[in-house]
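Visitor: Below you'll find the structure I mean.
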Amino acid sequence: MATLFSKAWDEVFKPLIKRPNKFQVAALCYRKTDGGKDVLLITSRGSGRWILPKGWPMDGMSAAEAARMEAWEEAGVEAKAVGETSLGTFDYIKDRDEGLPTPCDTVVYPVEVADLSDDYPEAGERERRWLPVDEAAELVEEDGLKDILRRF
């Protein structure tokens with residue numbers, strides 16, 4: 001009987017009340033090096049964990065352009081090129097000051113970096129660090145993001 005209730009909960013009731021994940025965009029900022037590519041990671045403002053610049057979609061912008069804008073606001077990235085084709089999607093739980101943690105599906109776009117500015121909207125709020133792709137994959141927490149970095 002418990003199995004029947006468990007199955008009903010998992011297959012019928014839980015999907016009816018679960019809210020869909022929110023959608024975010026992220027920028028995998030990179031530069032070409034003699035050894036391949038380095039990627040830029042930044043720290044989150046809350047926990048200080050290593051992440052990609054990311055945020056919510058923006059009206060009037062494609063998802064790739066919104067990712068480029070997040071790279072500017074959060075890391076001071078001046079883009080050389082932005083790929084319109086995503087590198088993949090990863091999910092994570094966004095901790096929010098104003099309420100419950102929010103599950104997010106995050107689509108990642110490649111952003112080739114022309115330069116980094118020291119004067120940008122979130123300067124002083126985050127650290128940023130260039131790393132070889134394999135080292136960056138070891139620093140991020142999300143398994144899906146680790147996979148995207150390793151494939152990159």
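Visitor: State all residues of the stretch 128-148 that are closer than 24 Å to Ser117 by Cα and either part of a helix (DSSP H, G or I) or modelled with pLDDT under 95 (or both); if no residue qualifies, say none.
Guide: Val133, Glu135, Ala136, Leu139 - these are the residues of the stretch 128-148 that are closer than 24 Å to Ser117 by Cα and either part of a helix (DSSP H, G or I) or modelled with pLDDT under 95 (or both).
Visitor: Another question about this same structure. In the stretch 27-58, what residues are without any contact (Cβ under 8 Å) to a residue 60 or more places away in the chain, assigned to a loop (DSSP other than H, G, I, E, B), over 19 Å from Ala114 (Cα atoms) and in contact with a helix residue (DSSP H, G or I) (Cβ under 9 Å, 6 or more places away or on another chain)?
Guide: Hits for the stretch 27-58 are Trp56, Pro57, Met58.
Visitor: Going through the stretch 72-103 one residue at a time, which ones are assigned to a loop (DSSP other than H, G, I, E, B) and at pLDDT 95 or above?
Guide: Answer for the stretch 72-103, where residues must be assigned to a loop (DSSP other than H, G, I, E, B) and at pLDDT 95 or above: Gly76, Gly83, Glu84, Thr85, Ser86, Leu87.
Visitor: Taking into account only those residues within the stretch 16-70 that are among the small types (Gly, Ala, Ser) and surrounded by 15 or more Cβ atoms within 10 Å (Cβ to Cβ), which is farthest from Pro101 (Cα to Cα)?
Guide: For the stretch 16-70, the residue satisfying everything is Ala64.
Visitor: Could you grab me the full set of residues in the stretch 38-49 that are at pLDDT 95 or above and touching a Lys or Arg at 6+ places or on another chain (Cβ under 7 Å)?
Guide: Asp38, Leu40, Leu41, Ile42, Thr43
The values are calculated or read from the model by the stated rules, or taken from the named source; none is laboratory data. Keep in mind it's a predicted model, so treat the numbers as computed, not measured. For neighbour counting, all protein chains shown are included, and Cβ atoms are generated from backbone atoms with ideal geometry for every residue, glycine included.
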